[in-house]
Amino acid sequence: MKRRNFIHTAALGAGLLAAPIPIFGKNIFVEELLNPGMDVATKKALADVALNTARGLGATYADARIGRYLNQYVFTREKMVQNTVNTESFGIGIRVIANGTWGFASTNDVTPDGIKKATELAISVAKANSKIQTDDVVLAPVQGYGDVSWKTPIEKSSMSVPVSEKVDLLLEANARALENGADYISSALFSVNEQKYFASTEGSYIDQDVHRIWPTLNVTAIDKASGKFKNRQGLAAPMGMGYEYLIPDKSEEIMGAGGVVLYRNRYDIVADAIASAKQAKEMLTAKSVEAGKYDLVLEPNHLGLTIHESVGHPLELDRVLGYEANYAGTSFATLDKLEAGDFNYGNELVNLVADKTQPHSLGAVGYDDEGVKCKKWDLVRNGTLVNYQAIRDQVHMIGQNESHGCCYSQSWNDVQFQRMPNVSLEPGKEKYSINDMIKDVEKGIYLVGRGSYSIDQQRYNFQFGGTLTYEIKNGEITGMVNDAAYQSNTQEFWNSCAKICDKDDYRIFGSFFDGKGQPSQVSAVSHGCSTTRFNGVNVINTGRNI
Amino acid sequence: MSIYSKDEAKEIMSRALKFSSADGCEISLSGNISGNIRYARNTVSTAGVNSNQNMTVQSNFGKKVGVATIDEFDDASLEKVVKRAEELAKLSPESPEFMPPLGPQTYEESKTAIQKTAEITPEFRAEVAASSINPAKKNGITAAGFFDDYSGFNSMMNSNGLFAFNKNTGMNFTVTMRTDDGTGSGWSTRDYNDVSMFDAAEASQIAIDKALMSREAKAIEPGKYTVILEPAASIGLLGNMFRSFNARSADEGRSFMAKEGGGNKLGERIVDERVNVYSDPFNEIVPTSTWTGDGFPRKKIDWLENGVVKNLSYSRFWADKKGVDPVPFPRNAIMEGGDASLEDLIKDTKKGILVTRLWYIRGVDPQTLLYTGLTRDGTFYIENGKIKHPIKNFRFNESPIIMLNNLETLGKQVRIDGNLIPYMKIRDFTFTSLSDAV
């Protein structure tokens, strides 16, 4: 049984309008979000039905994921609530290896009989597919962890906060934006709770409670006389946190250049809405950028997306191997480049790490969706490519015998596969502030927040814009500019890295609905970095007269 | 059982409606069976079949609205879902833009369901994969593809006497063929309501030919070029343009369709006068459902006539506010074409570029509908009426509005993603940088 609906919203800003937001499961009362769900002992007994059935039918490996996925989405515009959605999806997904081949089946009939039937189906799928399979699945060894659990370290579950409180907060942000010159504003709050129980024939019984939250806003300012309009998106990051993210804390604010207030592990949506209104109006009269080479100073909420696209995706091993060739594409970072051991991804300042354990990040869990304990590993060290992202049935292809622990499925009824872990740029070792990035720039641009983004199917050529763009001249911000986008090539770009702020400026950006695969599945992933400078990057003017 | 007949759907929703005590109640019932097969590295990677059925009940007390869903249709379940929607409605704040359920409507039939598509089997899907993989292997090529099909129905009933029903089927196919040495890549796509129109081997061969032809691509300078856009290349840009045909965002002053000084561009010429675009649920090649989600009838609507904006979509709320008739957003776009085949267009081109598809298209400036993205899977230089050699891929920064003002020639129409779009020759298409991607 599979139910999947999609909604469209303007709350995410123009950049994401084309991507519908997936909603899984059935509508429920808000109170039901707080129900504890099935107890762990029952889940274990039911998971064992799947594992024992699979073994009895000749499976050499089996895993069962009993999942309860809760979503709450609240949408507002100006003075009204557009929609509130509370959903629950509950079921079990069973994956087996029989005749050396994967088989998968799922059901929302989470009873011994329902699970037995689904397991039999998974076995029959494996056996049928084995006739066309050329090589047997090879799994990297993994320890059986016994009965363990993990929970996102949150202070306050968003699901426990009344909808009215959330609506009041969003409408307050909207009202203050309108008072400060916004013509329109959309705001939204996404709260997600994945209650996942994993069991496998390796001897693991893993209970996890994963929380994520994402407040968004999009402000529009209009000059009716000229017919011009400008949008400014909020500067929040989606986080692996509870409702505490929405409780403002001055100590978690960072003063960016140009008077922009930036946020680390706490977000003030009302203050950001006011700033959005003022900055959107300022954009209406800002000058158009002059195309040319610039030194770019990139703020983490902007650079995070560049890391996602130019490092995160090209180092997914399944992409490198061609499994995604028909959809997202392949990768320039081919196996020979890793094997050579000296592929210069960036210059020696560049250290890029994958990390499924990073606090507050979207990708943080204790164990991945095939029961591998999560960890941190290097992808690029001192500029050199040193590893990919790989899961149990892939790592042998790069001569390794330990999974990286980055297997994920968006729900119990989709099969798990390799997904991007948090991929982050390590902060600089020398003490540098944001001002240190700017003060010795003769001709530069400071980009804040996510804007337009596009990259080719092998991740060479990309073009990015920001939410806010400021011109830098002779070491100082001179004002806002419009129509700026930078174009570069991944390897050239990371080799133009000139200076990285230290850990005091480090914070994380996130992608809440990252798509991959056919049929497509979403996942959530964070990217951390400090403000970073890249010298001599090509900036184009995107203004047009029509 | 996921696919109900018209009578069965009517009976289930009538039973549910009897439990309603709200001011208004709108019930949607839908179901479908879908299947897919995915392959890569010349072998099948995943295959699956899904079925689902779902009822959504929307109840309202005045402007207070509640929605609940269920997938079981016995009397107890129906009563439960209707009562749940009513309880949620009572708890909800007023929705200022709520529009009450429509009264009875008359719908004409559109042939959206084809039995042969509904009968697709796992064996058929495996044959589709084999039709790509076998010829690929013979040509030193690696195939990756995805085929999915569905058969379903949508129906609705409301407390004001409206009933609507539609059955539909469809299939989508994409395949990427890459030469084993990684220097060439080709792609093709097909989509139909009727699977008997689909020839997997033919579509796969086109992708193979493009992969072989695109090896050893040469770099040429970025700049403004005359391009021949295959429909798969132009649909991404055109689709984004069609989405801007919305009266509300235009009237609010925040879309390309907004006018200086206020108002919208209805009646203005925005593109070349040879451009005519309409939507038509009854078109035999790209049929769609003849009613919207709330039961409003879909009809043939002109959007661009001789380059002039003839209609913008108006939701029921916005139409009511503006005192005009609602215009539903369409499910298909039909752009009138000409007689020229792709070969004719190439033959008539002195210097130009043939583009198979555009990829990773993202908005850059909503004010001008400027988009960026890249060419992919077969980009070729044309000289003196012939394809001379493959070229490296380009990044473009272009607006569909500028593109349609620079129209040279319209060619034959092709079905693409449920739309009918012609081959197009465009002058001065803006490529801004080179990509090494194959």
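Only the coordinates and a few stated rules stand behind these numbers; no lab work does. Note that the structure is a prediction, hence the values are computed from the model and not measured. Note that each Cβ is placed from the backbone with ideal geometry, even for glycine, and that neighbours are counted across all protein chains shown.
The alpha-carbon positions of region A:288-541 define a convex hull whose volume is 113 Å³ per residue.
Below 8 Å between Cα atoms, with a sequence gap of 6+, how large is the relative contact order for region A:4-278 in percent? About 19 percent, as a whole number. With the simple model of a label 7 Å out from the Cα in the direction of the Cβ, A:Ile247 to B:Ser196 spans 6.7 nm.
Extents of region B:6-211, taken as max minus min of Cα coordinates on every principal axis and listed largest first, are 67, 33, 29 Å.
Just round it to a whole percent: the fraction of Cα-Cα distances in chain B exceeding 27 Å. More than 27 Å apart: 60 percent of the Cα pairs in chain B.
Legend: distances between Cα atoms for A:Lys287/B:Lys265; A:Lys373/B:Lys392; A:Lys516/B:Lys167; A:Lys26/B:Lys167; B:Lys63/B:Lys111; pairs beyond 32 Å are A:Lys373/B:Lys392; B:Lys63/B:Lys111. Projected onto its three principal axes, the C-alpha set of region B:217-438 covers 57, 39, 29 Å, listed from the longest axis down. For chain A, the mean residue ellipticity at 222 nm estimated from helices alone is -5500 deg cm²/dmol, where every DSSP H run of n ≥ 4 contributes -39500 (n - 2.57) and the total is divided by all residues, rounded to the nearest 500. Please compute the Kirkwood hydrodynamic radius over the protein assembly as shown, one decimal place, Å, based on all pairs of different Cα atoms. Here the Kirkwood hydrodynamic radius works out to 29.2 Å. Taken residue by residue and averaged, Cβ atoms of other chains lying within 10 Å of the Cβ of B:39-51 number 6. On the principal axes of its alpha carbon atoms, region A:177-260 extends 68, 31, 20 Å, with the longest extent given first. Measuring nothing but how far apart in sequence close Cα pairs (under 8 Å, 6+ apart) lie, relative to its length, chain A scores a relative contact order of 15 percent.
In chain B, the calculated helix contribution to ellipticity at 222 nm averages -7000 deg cm²/dmol per residue, counting -39,500 (n - 2.57) for every DSSP H run with n ≥ 4.
A straight line joining the Cα centroids of region B:51-90 and region A:495-528 runs 40 Å. Over region A:467-522, the hull volume per residue, using the convex hull of the C-alpha atoms, is 185 Å³.
For region B:217-438, the relative contact order works out to 28 percent when only alpha carbon pairs closer than 8 Å and six or more residues apart are counted. By the equivalent-ellipsoid construction on the alpha carbon gyration tensor, region A:4-278 comes out with semi-axes of 45, 20, 18 Å, ordered largest to smallest. When peptides A:66-75, B:256-265 are sorted by average Cβ neighbour count within 10 Å, with the highest value leading, the order is A:66-75, B:256-265. Both radii are taken from the alpha-carbon atoms of region A:40-137; with Rh as the Kirkwood radius, Rg/Rh is 1.22. Pairs B:Lys137/B:Lys224; A:Lys375/B:Lys210; A:Lys376/B:Lys210; A:Lys228/B:Lys321; A:Lys79/B:Lys80; B:Lys138/B:Lys218: which are spaced more than 31 Å apart, C-alpha to C-alpha? Listed pairs above 31 Å: B:Lys137/B:Lys224; A:Lys375/B:Lys210; A:Lys376/B:Lys210; A:Lys79/B:Lys80. The rule of thumb for compact globular proteins, 2.2 N^0.38 Å, goes into the C-alpha radius of gyration of chain A 0.98 times.
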